[in-house]
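> My structure is below; once you've seen it, I'll send some questions.
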Amino acid sequence: MGPHKYSVLLPTYNERENLPIITWLLAKTFEQEKVDWEIVIVDDGSPDGTQDVAKELQNVYGHNRIQLRPRAGKLGLGTAYVHGLQYATGDFIIIMDADFSHHPKFIPEMIKLQAQHNYDVVSGTRYKPGGGVYGWDLKRKLVSRGANYLATIMLRPKSSDLTGSFRLYKKDVLYQLINATLAKGYVFQMEMIVRARQFNYTVGEVPITFVDRVYGESKMGVSEIVQYAQGVWRLFVSV
């Protein structure tokens, strides 16, 4: 094992079908790379039995590898990371989705890039050569591109993918960014990168392919899009 430990924060809501497979893929990836690891599952009261599956995974992999840190209900993505970070024991934190939108196969490249340049943050990007999106219709692609374009023009964060949620952070950096970030929903990801630039943290990017969820339904709706636009404007007038 190397000198570092990587904690994966995995927010879940109705992910009982996806959780065993994403856990297996993560465990396989980390074992192949010979790095120390753990997964912190933050479940927001899933009615489909996600927490029961998580407990079974603890029996398979051990409580030292799989932490289950549930919450009472759906309290937002940003606060899920805040909650999970309290229990993470690694010195590096990986945030990602549990629905296969983010494949663990990209994690070794993120770890390698961080080590080469000592980056504070490494972000997976869909919008650089080698990256891409699969399974989205034209409308969703336009919404994503438009959201990134809007934030890029107004905030100039020097990042190609502001709305992505597949990232590697130094733990102390993530603590500071979370404390400085006001947004709690989907705007959270965008604001984190903007704040990172504000604090002069270094940010590297690794091209990734984003695949629409395998099981379950997307949790992105009109309210999240409106919230994002409001968040961009708030940062524009305050940062």
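A short reminder: the numbers here are calculations on the coordinates, not readings from a lab. None of the values given here were measured: they were computed from a predicted structure. Glycine gets a Cβ as well: all are built from the backbone with ideal geometry, and neighbour counts include every protein chain shown.
> Counting pairs of alpha carbon atoms under 8 Å apart in space and at least six apart in sequence, what relative contact order in percent does the range 11-107 give?
It rounds to 39 percent for the range 11-107.
> I've got another one for you. Could you go through the range 203-210 in sequence order and give the Karplus-derived ³J(HN,Hα) for each residue, using 6.51 cos²θ - 1.76 cosθ + 1.60 with θ = phi - 60°, rounded to whole Hz, and x for Gly and Pro?
10, x, 10, 10, x, 10, 9, 9
> So how long is each side of the range 9-83 along the principal axes, counting just the alpha-carbon atoms, biggest first, in Å?
35, 23, 18
> Past 19 Å, Cα to Cα: identify those pairs from LYS128/LYS170; LYS5/LYS105; LYS34/LYS105; LYS112/LYS170, in the order given.
Check vs 19 Å cut-off fails for LYS128/LYS170.
> Here is a further query. Search the structure for amide H atoms under 5 Å from the amide H of THR202, placed 1.01 Å from N in the peptide plane, and list their residues when 5 or more places away or on another chain.
The answer is ASP120, VAL121.
> Using a basic spin-label model with each label point 7 Å from the Cα along Cα→Cβ, how many nm lie between PHE199 and GLN86?
2.0 nm
> If you don't mind, there's one more thing I want to ask. What is the set of long-range amide H partners of ILE39 at a cut-off below 5 Å, with H atoms built 1.01 Å from backbone N?
Close amide H contacts, sequence-distant or interchain: VAL8, ILE66, GLN67.
> Between THR125 and residues 5 or more places away or on another chain, which pairs have amide H atoms under 5 Å apart, with H built 1.01 Å from N, and which residues are they?
Sorted by chain and number, the residues that satisfy this are VAL206, ILE208.
> What is the extension gain from ILE21 to LYS128, computed as 0.36 nm multiplied by their sequence separation minus the C-alpha to C-alpha distance, in nm to one decimal?
The ILE21-LYS128 span can extend by a further 35.8 nm.
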